[in-house]
Structures are given as structure tokens and as C-alpha cells.
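Each remark here refers to the structure printed beneath this line.
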Amino acid sequence: MASSLVARSLAHIWHPCTQMQRAAQVPPLPMVRGQGVWLFDEDGNRYFDAISSWWVNLFGHADARINAAIKDQLDTLPHVMLAGCTHAPAVELAERLSALTQGVLGHCFFASDGASAVEIALKMAFHHWRNRGLADKREFVCLRQGYHGETLGALAVTDVQIFRDAYDPLLLRSHQVMSPDARQALSGESAADVALRAAAELQSLLEARHGQIAALILEPLVQGAAGMAMYDPVYLRAVRALCDQYQVLLIADEIAVGCGRSGTFFAVEQAGIWPDLLCLSKGISGGYLPLSLVLSRDSVYEAFLDDDVARGFLHSHSYTGNALACRAALAVLDRFAEDDVLNHNRQQATILSAGLVPLQADPRVENFRHIGMIWAFDVKEPLAGARFAERFHLAGRARELLIRPIGRTVYLLPPYLLDAELSPWLAQQVMATLDDVLNQTPTDADRAPEPPTA
Ligand SMILES: Cc1ncc(COP(=O)(O)O)c(C=O)c1O
């Protein structure tokens, strides 16, 4: 019998990314409490948040230091509009993020969700060229398998069919070029070879249409929602050079891979490049409050300075630069500084990777991959069967895991709180869940087609 919270939820909440007709078969977990890596449901069962609640809870749940910072801000200044006013948390956050880019990205524009940051970056890129007298540059390039969010502008540069197809008639046309996904390596090809092949395709497009193209948007190093497709950093270096050559802005969407997830604070650091615009969200506010932002080069910012108001960037959202959210983000940055987080993660990643070694030789699995604090593997198609993601998720619940495969890709994006006990435990539980699922006898319901939702 469903708990009253579940029943009330199903009666009144339209859950995100969910076919509600099926929601009763996979009822939402009635969570009542979170502490560190654990979430607790109303029956007292605990779940290890193996995907950091859609990749946001970098330091798990109810972190004492982030809690304290927010409580302090709550009593001081929870919110004030950022047009015509400013406040210390936003100023300090903009300064500190700019410093993390060595001053290359000197200005910060605030918003709330990841998709709004993407909308802002696209509009900024176009408007920047318009202000520079190049109004024909109004097309965008994105990568196949790329994901940038669900609003119409973001969907227009997204290539994940299940999210995009229904809305296709509404969307701006964009150019999609080959993804550098290393899984596409032909025999004898390295990941770097695939990346250079993808860059060559981009070059042909830019050669032909650079006069119309405003910007290229990509997820650096890992295409998350496509199923954690990973690629060689050489692609980013090639793209940076091509964008410079053809006067096209480079937008790095670090909404998922930023904030240490790839192993460096920004993923682009691993390629030794900086984009012109960088989108950040999700983990920056630690999974506490919606916050997104776009960092821009000063050269982009300066293109908007004029006596004419209309040449300014007149975009806004009511909660832009919300003080509580900025304060949470500052507490997240403090955590990085105080706890040598990147180094701690490197050590724990070694332990978790060691625990997952059997998967690399497992004949049921292919494309085991890892970068920073992201692990992924694909279950071979004939073995996965239908509704694999749903069945894996449900089996995970029984093994104290909150985990949501994408299609037949199982991935881990744990909070940055792993330790010598949790890392091997997590590896064991994931492998045991895989055994549970692959040893199940499929029912008729399992044979129905399943979309690869995140
Ligand atoms: C790379 C990337 N960009 C944009 C988004 C959209 O962010 P939001 O869901 O906060 O709108 C996501 C969300 O998963 C993402 O992974």
C-alpha cells in the first residue's frame, strides 16, 4: 500500500521527466531526510545518493557548513533584486569565479536553472555579434548527442531525441556536427583520432558558414545526458583554434561537468583552453538553491557598452543573483578551498575504480569509462532487455542505492564525500545490482520499449 505522501504526490504533482501513466508502477520515494551521502525515506530506509540528486549535491545533503552559511544569510538579506542593487554574496561569487578562470572570464551574469544560463549564453553570443555589426551571425552549432536543457532555445541545440522530438517543429534550426564520443573509434583509432575526425567535420561547416554562425556550444569532455559519452581533450583545443580562426564564439556548458566533477574545477582546464562564455549551474550551489550563471570574457561584455540602452543585455529573471543561492555557492567554494576537495576526490576515485575493475572484464558490459568523479558503463544491448533503466533503478533501491541509468548506460556521479569504507561498498552494491537485474526473468511488461531518460 502506497504511503499517503506517495498517494498525495501522485494525485497532485506532475513529476519531471516522468511518464505519469507509469508513475504508480515506479512510485516516487517518499524522502523525509538527508544526511551526507544518505537519503532516508519515511519508513526509515536509507539510500546512497549515487547520482548526487541529478548531479547537484556535491557535498551530499544537509552539509553543516553550507547550512550555516545559508542560515546566516537568511537572517541578513535573503534576496534583493540585482538590477539597480547589488550585494556582497553576488559580488564575492563573481570575483571568486573570475579568479578561478585566472581572470580570463571577467564578468558574471546570474540566472536560476541550467537551461536559463544556456538561453542567456545563446542570446549574448548573437547580440554580441549584432553589436559588432555582424548581425548575420545568428546560427548556432552544437554536437550530436549534446544536451543543454529543456527550454526552447536550449532544446534547439540539444540532440537527445526523447527530449527534443515532440517539440522539433517549435525549435530554431541549429547545425549539429559529429560528437567526439570516444566510443565511435574505428578499429585502430584512438580517442584522440576520433576527436580529430570530429574536429575536421566542424572545420568544414565553419569554412562554409562562418559568416552566419554566432557560436558553438558544447559540454566539455563529457556529454552527460546522452549517457556520459566521454572524449579526448584534444577536441577542445582543436575547437578553440577553429573558433578563433572563423570568428565564432565558444560556449562551454559546464553545468554538469563543472565544479570539480571532471577532476579539475572546470573541465576546460584539462585542455588548457578557455571558452568565450561558460555556463555553470547544478553543483555550484551544492544542491541547495537554484543558481546558474554565465561567465563571459571582457571582450564579449565590452561589446554591449554603449549610450544606447537597447545595445545592452536587457535579459533578466526575477531571482537573478538571489543572495541565499549565492551564499550557498560561496560555501561550496569554501569547501573546495578548505578541504582540498580535488585531491581528496582523486584518492577516492582510485579506490572506487579499483572496486569496479571486475566490470572491465565482465562480458555483459562494454565501454567502461571514467573521468574525475564520473563512472559509466554500457550493458550490452541484447542483455539489457527492455525497461533496463527502470529495472536497475528499482533493484538499486533494494540495495540502498538511488541510481538512475540512462537507457542501458549505468553511471555513478557520487557526492564528493566518498571514504575508504564507502567507495568499496558502492562498487560492490553497483555490481550486485547489475547481477540482480541481469539474472531477472523478464516479464511481459519488461518487453515494452523504454525511453533513455536521465
Ligand atoms: C550539460 C547540461 N546543460 C544544461 C542542463 C539544464 O540544466 P537545468 O536542468 O538546471 O535546466 C543540464 C541538466 O542536466 C545539463 O546536464
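A short reminder: the numbers here are calculations on the coordinates, not readings from a lab. Here the structure is a predicted model, which means the values were calculated and not measured. Backbone-built Cβ (ideal geometry, glycine too); neighbour counts: all protein chains shown.
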Simple spin-label estimate for N67/D307, 7 Å along Cα→Cβ, in nm, reads 5.7
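Counting each DSSP H run of 4 or more residues in the chain as -39500 (n - 2.57), what helix-only mean residue ellipticity at 222 nm follows after dividing by all residues, to the nearest 500 deg cm²/dmol?
So the calculated ellipticity at 222 nm is -11500 deg cm²/dmol.
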Note, the range 357-369: 3J(HN,Hα) by Karplus (6.51, -1.76, 1.60, θ = phi - 60°), whole Hz, Gly/Pro = x, goes 3, x, 5, 5, 9, 6, x, 7, 10, 9, 6, 4, 8
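Place the peptides 186-192, 326-332 in order of packing, highest mean first, counting for every residue the other Cβ atoms within 10 Å and averaging per peptide.
Descending mean neighbour count gives 326-332, 186-192.
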Sort V32, V177 so that the residue with the fewest other Cβ atoms within 10 Å of its own Cβ comes first and the one with the most comes last. V32, V177
Report the FRET efficiency, 1/(1 + (r/R0)^6), for A361 and L314, where r is their Cβ-Cβ distance and R0 is 51 Å, rounded to 0.05. 0.35
Those aspartates and glutamates that a straight Cα-Cα span of less than 13 Å connects to K123, excepting residues fewer than 8 apart in one chain: E139
Got a sec? How would E254, E42, E390 order by Cβ neighbour count within 10 Å, fewest to most? E42, E390, E254
For the range 188-240, shape from the Cα gyration tensor axes a ≥ b ≥ c, cut at a/c of 1.5 then a/b versus b/c, turns out oblate
Any idea what the relative contact order of the range 190-327 is, in percent, if you count C-alpha pairs under 8 Å spaced at least 6 apart? 18
What dipole magnitude, in Debye to the nearest 20, does the range 66-338 give about its Cα centre under +1 on Lys/Arg Cβ and -1 on Asp/Glu Cβ? 160
DSSP bridge pairs, the chain: antiparallel proportion in percent, nearest 5: 65
Cβ-derived FRET efficiency at R0 25 Å, A88 paired with D298, nearest 0.05: 0.65
Once a ≥ b ≥ c are taken as the square roots of the eigenvalues of the Cα gyration tensor of the range 108-173, is the result rounded (a/c under 1.5), prolate (a/b larger than b/c) or oblate (a/b not larger than b/c)? oblate
Would you mind checking the tilt of helix 191-209 against the longest principal axis of the Cα atoms of the chain, expressed as 0 to 90 degrees and rounded to 10? 40
Kindly express, to the nearest 10 degrees and within the range 0 to 90, the angle between helix 64-76's C-alpha long axis and the longest C-alpha principal axis of the chain. 50
On C-alpha positions alone, give me the angle between the axis of helix 114-131 and the longest principal axis of the chain, in degrees, nearest 10. 20
Filtered hits (lysines, Cα-Cα < 17 Å from K380, offset >= 8 within chain) -> none
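Between L186 and Q25, take the C-beta separation as r, use R0 = 35 Å, and let me know the FRET efficiency to the nearest 0.05.
In this case the efficiency is close to 0.30.
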Please arrange S262, S318 by how many other C-beta atoms lie within 10 Å of their C-beta, fewest to most. S318, S262
